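Read the structure below first, then the notes.
The values are calculated or read from the model by the stated rules, or taken from the named source; none is laboratory data. If you're wondering where the values come from, they're calculated on a predicted model, not measured in any experiment. Cβ atoms come from the backbone with ideal geometry, glycine included; neighbour counts cover every protein chain shown. In case anyone asks, the SASA skips ligands and DNA or RNA and just uses the protein heavy atoms, side chains included. Shrake-Rupley method; radii C 1.70, N 1.55, O 1.52, S 1.80 Å.
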Amino acid sequence: MIWETFRLAVQAIFRNTMRSVLTVLGIVIGVAAVIAMLTLGQGSSSQVTADIEKLGTNVLMLMPGGSSGQHGPGSSSVAKAFTLKDVDAIIDQIGSVETAAPYAQSATNVVYGAESTSTSIVGTDNRYLTVVDWPLEMGRSFLASEEQSGKSVCILGETVRQNLFGNTSPIGEMIRLNSLTCEIVGLLEAKGASSFGTDQDDVISLPMKTFQRRIIGNSDVSMIFISVRDGQSTERAIVEIEALMRERRRISEGEDDDFSIMDMKQIASMLTGITNILTGLLSAVAAVSLLVGGIGIMNIMLVSVTERTREIGIRLAVGAQANQVLMQFLVEAVVLSMIGGFVGIVLGLALAAVGANLMMIPFVPSLVVVVGAFLFSAAVGVIFGYFPARRAAKLDPIEALRYQ
Amino acid sequence: MNPESALIEFRDIAKIYGHGEAEVRALDGVDLKIEAGEFVAIMGPSGSGKSTAMNLIGCLDSPTSGDYLFNGVHVASLNQDQRALLRRNYLGFVFQGYNLLARTSALDNVELPLIYKGVARAERRQRALEVLAKVGLQGREHHDPSELSGGQQQRVAIARALVGSPEVILADEPTGNLDTQMSREIMEVLKELNEEDGMTIVMVTHEEDMAEYAHRLIWMVDGKVERDGNPVRGGSRR
Ligand SMILES: Nc1ncnc2c1ncn2[C@@H]1O[C@H](COP(=O)(O)OP(=O)(O)OP(=O)(O)O)[C@@H](O)[C@H]1O
Ligand SMILES: [Mg+2]
């Protein structure tokens, strides 16, 4: 009998295809929106998590400029940059620090033959790749002699390689950065977008000395990346680094820091938090549209019950009981909304896949979300189908048969 | 079946529509007994209450006053679901206006009562095809009502009433839209069901020729039974 009821429902749905399509549209849109939101949200969360893991949870960033209150450089005018000596001091004097790397950055145009692209140039040394745990795809890192003498060698990020060389190997080729011609010795592994959405592979790295002399023309180190030894407290390291830097930068007691130390772990968890809140909010909006879809189903089912009053009368006349009529309409509503849910899931996943691709985050479809959305749409069918079905079942046979 | 009581018994049944000025006494104190196996024709002028009586017999409607006993059971004491079971298992209705499901093939229309009887699909199909053949609708099984003539629709309605092999067939002008030839064929079918299967048949008709197939004629006027007896002209008065 339940199979009969189901067959009847499907028949009724396809007897009026246009109306059925319009009826489920609300559900389709609602489910698709929820699925797309949650899937994208999960994708970006997992991206952030992956970033944290990649970066290591023990990386600190030391930057000039106070962290508190009025932006910019503490009490004095402009915060001083760091120097290579600061890097050495941190490594030598703070026991819990594994290693540290200088970092300076500038944007410029790169030319290779007829190809050219603009990218970000990073001055650093091999320790940087260790701190942020960034392996090479091919070639080699800088030689100690190259770092010391400031030779014109560079390591490319994957995006720059694609822009200038396509898929061919760039190792040994010469590129031009403004007036500087340098030889490519290595290629970094592709890293993808950062948690902030920027393309981390759009980069060329030079030895710090080369960068200082040939690109910016000063000896500033604008940032220091520090990795703390495994098992050592990053909080303690931060306190020690702060003390050391205050001393080195001659900040008197009572004066604010003119530098700040960022803990990547904190940044990452903050980002995850923001992502979750956003996902939650958008999903709530999407859920409201699901609700509206449900009301749409109820509306059409009510119209349908009125339209089919005679049909109901006929069914009652040949011996249908109230419950069977109720089931017929209820199953019809549920089948409709489940069809809507199914189409919505497919559409939502497709949207999420496209969106993930555009946002350069992983596409992480979740079985729980899909099954949940399906059950939810079935529930919408039951809840919003019940009232019209009840009305159909309560009809008096002779009144229903007389209905014109 | 209960041998003590009649299959259908009306005791002083009245059916009143509207109030006050607009009051219509569709049935006005009808006493009636129909035994199992009878073939009864009901005749009377338009508006005399024939369809109203049929709807009451078919447990589709309830009287304003009086008692209706079906097989000795007070129908008023049954709830909607029990009445549905009564219709499902004992009654086959042919409506004056056919009442077929729109956009549904003749075959599916005829199968409908069997669905609620819980008959398996294959058997349902076979029985529906049989009765459709009986009423002369071979080759029209897959047509929708909108693709059938009035007479053909009427025959689908008759097939639907027959298909569940009910105890009683209630036919409200089953031949109203058929030519004489077809009408006779339908009457032969009803006659056969009555004589061979012992089915009770109550039929409303406007045609004396058709009424002559019945064994008993009830003549109604203004909601009352005026004559009840032999169907030949001038049948005995009560
Ligand atoms: N639902 C209703 N509301 C009000 N009056 C009704 C209703 N149904 C029937 N009537 C009235 O009851 C009376 C009997 O109607 P009924 O349909 O039983 O007549 P009938 O004998 O079947 O007529 P016909 O031969 O034309 O089919 C009529 O006067 C009709 O107007
Ligand atoms: Mg009538």
Checklist outcome for this item: Excluding residues fewer than 8 positions from A:K265 in its own chain, the aspartates and glutamates with Cα under 12 Å of it are A:D51, A:E53, A:E235
Item to check | Cα-Cα over 32 Å, subset of B:K33/B:K117; B:K117/B:K224; A:K394/B:K117 | outcome: B:K117/B:K224
Checklist entry - Out of residues 5 or more away from A:V364 or on other chains, whose amide H comes under 5 Å of its own, with H placed 1.01 Å from N in the peptide plane? => result A:G43
Checklist entry - What residue among A:S45, A:S145, A:S219 has the largest mean-square fluctuation in a Gaussian network model of chain A, using Cα springs under 10 Å? => result A:S145
Checklist entry - In the stretch A:186-230, what trypsin sites (Lys or Arg not before Pro) fall in a loop by DSSP, with at most 15 other Cβ atoms inside 10 Å? => result A:R229
Item to check | Inter-site label distance for B:T180 and A:V21 at 7 Å from Cα along Cβ, in nm | outcome: 5.4 nm
Item to check | DSSP-defined beta bridges in chain B - what % are antiparallel, rounded to 5 | outcome: 55 percent
Item to check | Heavy-atom surface of chain A, accessible at 1.4 Å and reported per residue (Å²) | outcome: 47 Å²
Checklist outcome for this item: per DSSP, antiparallel bridges as share of beta bridges in the stretch B:138-238, % nearest 5, sits at 50 percent
Item to check | Distance between modelled label sites at B:S149 and A:N357, nm, 7 Å Cα→Cβ extension | outcome: 6.2 nm
Checklist entry - Which of the trypsin sites (Lys or Arg not before Pro) across the stretch A:359-400 are loop residues per DSSP, with 14 or fewer other Cβ within 10 Å? => result A:K394
Checklist entry - Hey, could you pull the Cα Rg and Dmax for the stretch B:76-167, both in Å? => result 13.1, 44
Checklist outcome for this item: Diffusion coefficient in µm²/s returned for the stretch A:81-248 by Stokes-Einstein, Kirkwood Rh over C-alpha pairs, 4 °C and 1.567 mPa s, is 78 µm²/s
Item to check | Length-normalised contact order of the stretch A:81-248 in % [C-alpha pairs under 8 Å, at least 6 apart] | outcome: 33 percent
Checklist entry - Residues with beta-carbon under 10 Å from that of B:F70, excluding B:F70: net charge, scoring Lys, Arg +1 and Asp, Glu -1? => result -1
Next on the checklist: Which trypsin sites (Lys or Arg not before Pro) in the stretch A:247-305 sit in a loop by DSSP (not H, G, I, E or B) and have at most 12 other Cβ atoms within 10 Å of their own Cβ?
Outcome noted: A:R250
Item to check | Added length on full extension, which subtracts the Cα-Cα distance from 0.36 nm per residue, A:V292 to A:F387 | outcome: 32.6 nm
Next on the checklist: Can you give me the orientation-averaged projected area of the convex hull built on the Cα atoms of the stretch A:227-385, in nm²?
Outcome noted: 16.4 nm²
Checklist entry - When the Karplus curve 6.51 cos²θ - 1.76 cosθ + 1.60 is applied with θ = phi - 60°, which whole-Hz ³J(HN,Hα) does each residue of the stretch A:108-124 get, with x for Gly and Pro? => result 7, 8, 10, 10, 9, x, 8, 7, 8, 8, 9, 8, 9, 9, 10, x, 6
Item to check | Rotationally averaged projected area of chain A (alpha carbon convex hull; nm²) | outcome: 28.5 nm²
Checklist outcome for this item: Expressed as a whole-number percentage, the relative contact order of chain A with C-alpha contacts under 8 angstrom and at least six residues apart is 30 percent
Checklist entry - What is the distance, in nm, between label points placed 7 Å from the Cα along the Cα-to-Cβ direction at B:Q138 and at A:A379? => result 5.7 nm
Checklist entry - When Lys and Arg each count +1 and Asp and Glu each count -1, what net charge do the other residues less than 9 Å away from A:G186, Cβ to Cβ, add up to? => result 0
Checklist entry - Given H placed 1.01 Å from N in the peptide plane, which residues other than close sequence neighbours of B:V225 have an amide H under 5 Å from its amide H? => result B:D31
Item to check | For the stretch A:247-298, convex hull of alpha carbons as volume per residue, Å³ | outcome: 89 Å³
Checklist entry - B:I42's amide H: which non-local residues (gap 5+, or another chain) put their own amide H closer than 5 Å, with H modeled 1.01 Å from N in plane and none for Pro or chain starts? => result B:M203, B:V204, B:T205, B:I218
Next on the checklist: From the helices alone, meaning DSSP H stretches of at least four residues, give me the mean residue ellipticity at 222 nm for chain A, per-run term -39500 (n - 2.57), in deg cm²/dmol to the nearest 500.
Outcome noted: -18500 deg cm²/dmol
Item to check | Cβ-derived FRET efficiency at R0 22 Å, B:N89 paired with A:E399, nearest 0.05 | outcome: 0.45
Checklist outcome for this item: Judged on accessible area alone, 1.4 Å probe, highest first, A:F225, A:F6 line up as A:F6, A:F225
Item to check | Residues A:A114 and A:R248, FRET efficiency given R0 of 51 Å [Cβ-Cβ distance, rounded to 0.05] | outcome: 0.60
Item to check | Efficiency of FRET from Cβ geometry, A:E255 and A:L136, R₀ 51 Å, rounded to 0.05 | outcome: 0.75
Checklist entry - Can you give the accessible area of A:Y128, probe radius 1.4 Å, in Å² rounded to 10? => result 30 Å²
